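The structure appears right after this line, and notes come after that.
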Amino acid sequence: MLNKQRFSFLIIFGMMFFLNSESFAGGGWTRKPQSVYTKLGYSFVSTNQFSTIEDVKIETAPFFLRSFDLFVEYGLIDQLTLQVNFPLLRSANFETTETASGIGDLLLELKYGLIQGDFPVAIGFGIDMPTGDSEAIGRLKDGSGGFVRLPTGDGEWNFWTRLYASHSFYPLPAYISIDVGYNFRTNGFTNQYTVGVEVGYQFFDALWLIGRFRRIALNGTPNFAKSGAIGLGEGVEFNALGVSASYAITRNFSLTADVIGGFGTLKNIYAAPSFGIGFSFEI
């Protein structure tokens with residue numbers, strides 16, 4: 001086992017799984033003009049198990065990652081929806097370091113409905129902006145002057161394209177959504193692709209239970225020099241399964257809870273389960 005203190009200088013951590021930014025929200029459906037859906041969520045990870053870029057499991061000093069995330073869908077015009085994913089606050093630290101905090105990278109996506117009806121299909125084009133701090137650090141608590149890089153963003157622009165397809169099983173209160181996407185990265189980062197499936201069922205007219213699967217993988221060989229330079233995002237691959245619940249308190253207001261964990265191939269990421277709570281508002 002590597003010495004925990006020594007390894008803490010070298011560690012590279014991946015982004016939180018997909019509690020917010022990787023959720024499907026409306027799937028193939030687009031919102032009606034001037035209608036809005038908003039979700040504010042808090043998610044938390046605590047672990048000492050890190051999976052390297054070679055998919056080797058390593059034990060590190062205990063690591064903690066917390067995030068407050070805002071997700072918004074707004075109907076601009078008929079069949080055109082604006083989606084916003086914004087980490088309002090990311091806070092990370094090891095047990096041996098001080099905490100590094102700041103906003104994350106802002107993602108804006110326009111989703112256009114190609115086909116409506118029972119099998120809606122939509123295409124999305126997104127820009128992931130480097131609004132986070134790629135140089136954020138957490139200083140060691142031992143007074144040595146050393147530090148660990150704990151970035152809140154990857155320092156580069158990402159350009160996403162996604163294709164969404166959904167189906168409602170009405171009159172059953174159930175649906176399924178599938179999406180595929182491609183991430184064109186800049187500054188020497190390796191492009192990525194993603195595939196996801198989401199299935200939801202409503203109980204008692206108030207409770208939605210949702211199961212999710214997602215895979216994110218590289219399209220090519222990772223840039224090891226870049227991985228060591230910034231430490232957020234390069235070389236990340238994972239498979240993840242998650243379960244979410246949304247309970248309607250009123251017609252417009254719901255409480256949410258999520259749990260998500262990785263399995264199989266996991267690269268350059270802390271792979272412990274992520275837990276989240278939040279609330280949503282829709283008009």
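The values are calculated or read from the model by the stated rules, or taken from the named source; none is laboratory data. Small disclaimer: the values here were computed from a predicted structure and weren't measured. Cβ atoms come from the backbone with ideal geometry, glycine included; neighbour counts cover every protein chain shown. Ligands, DNA and RNA are excluded from the accessible area calculation, which covers all protein heavy atoms including side chains. Shrake-Rupley method; radii C 1.70, N 1.55, O 1.52, S 1.80 Å.
The coefficient of translational diffusion for segment 42-196, derived via Stokes-Einstein from the alpha carbon Kirkwood radius under 10 °C and 1.306 mPa s, stands at 88 µm²/s.
For the chain, averaging the sequence separation of C-alpha pairs within contact (under 8 Å, six or more residues apart) and dividing by the residue count gives a relative contact order of 19 percent.
By the rule of a C-alpha distance below 17 Å, with chain neighbours fewer than 8 residues away ignored, the lysines paired with LYS111 are LYS32.
The Cα center of segment 23-62 and the Cα center of segment 134-209 differ in position by 5 Å.
Local charge for ASP154 was computed over the other residues whose Cβ lies under 10 Å away, with Lys and Arg +1 and Asp and Glu -1, and equals -2. Along the chain, the exposed loop sites are chymotrypsin sites (Phe, Trp or Tyr not before Pro) outside DSSP states H, G, I, E and B with at most 15 other Cβ atoms within 10 Å, and the longest stretch free of them is 10-156.
Solvent-accessible area of the chain (1.4 angstrom probe, protein heavy atoms only): carbon and sulfur portion equals 65 percent.
Of SER67, SER168, SER244, the residue with the greatest mean-square motion in the GNM of the chain, using alpha carbon springs below 10 Å, is SER168. Near ILE127: Cβ cut-off under 11 Å, other residues only, Lys/Arg at +1 and Asp/Glu at -1. The net charge is -3. Its DSSP H runs of at least 4 residues, each contributing -39,500 (n - 2.57), put the calculated 222 nm mean residue ellipticity of the chain at -500 deg cm²/dmol, to the nearest 500. For the pair THR161 and SER35, a Förster radius of 30 Å applied to the C-beta separation gives a FRET efficiency near 0.75, rounded to the nearest 0.05.
Apply 1/(1 + (r/R0)^6) to the Cβ-Cβ distance of LEU80 and THR221, taking R0 = 22 Å, and write down the FRET efficiency to the nearest 0.05. Efficiency, from the Cβ-Cβ distance: 0.05. The Cα trace of segment 38-82 gives Rg and Dmax of 18.0, 51 Å, the first to one decimal, the second as a whole number.
Using a simple spin-label model with pseudo-atoms 7 Å out from Cα toward Cβ, ASN187 and GLU59 lie 3.5 nm apart.
At most 16 other C-beta atoms within 10 Å and a DSSP loop state: those are the exposed trypsin sites (Lys or Arg not before Pro) I care about. Give me the longest piece of the chain that has none. Here the longest segment lacking exposed loop sites spans 1-140. Listed by chain and number, the lysines whose C-alpha is less than 26 Å from the C-alpha of LYS226, apart from same-chain residues fewer than 8 away, are LYS4, LYS57, LYS267.
Averaged per residue, the chain has 46 square angstrom of accessible surface, using a 1.4 angstrom probe with ligands and nucleic acids left out. When the chain is treated as a Gaussian network with alpha carbon springs shorter than 10 Å, the biggest mean-square fluctuation among PRO171, PRO151, PRO273 belongs to PRO171.
Rounded to the nearest 10 square angstrom, VAL199 shows an accessible area of 70 square angstrom against a 1.4 Å probe.
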